[in-house]
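Everything below concerns the one structure shown next.
No lab work stands behind these numbers, since they all come straight from the coordinates. The structure displayed is predicted, hence computed values, not measured ones. Because the Cβ atoms are built from the backbone with ideal geometry, glycine has one as well, and the counts that use them run over all protein chains shown.
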Amino acid sequence: MTKDKYFEMCEMMGSEPVDSEIPIEIEDFPELVIQCFLIYRILPDIWDTMNGNYLGKDYSLIFNLFKLYNLDEPEHLLAIGFLQEMDTCRGKIISEKIKAKIDKKP
């Protein structure tokens, strides 16, 4: 649900929006975090082709992407931290989906 739809729903129901229930959108994040999301999407995935496991992102392009997105050197360490956290979360989600598929098989 988008913010607009949420506000529309509140208006239709005659209720006041609750801050904790307002959906977060990409534009709500600081510029550095938005840039990290964009960079993360560009980085190629690394997969274990024998077992089908997700191994993470290939960070070999990272400094070229930092330059492309005009990230200053002091922001590099923070950006790498954001990217690694995103990758850790994504890795867990992928692992859970693979495990669920395996558990579902007869």
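Laid out as a table, the results:
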read-out	value
Candidate lysines - alpha carbon under 25 Å from K105, same-chain residues fewer than 8 apart omitted	K92, K97
Amide proton proximity set for W47, modelled H, under 5 Å, gap of 5+	L55
Per residue Cα convex hull volume in Å³ - calculated over the chain	148
For the chain, size of Cβ-based charge dipole, Lys and Arg +1, Asp and Glu -1, in debye	920
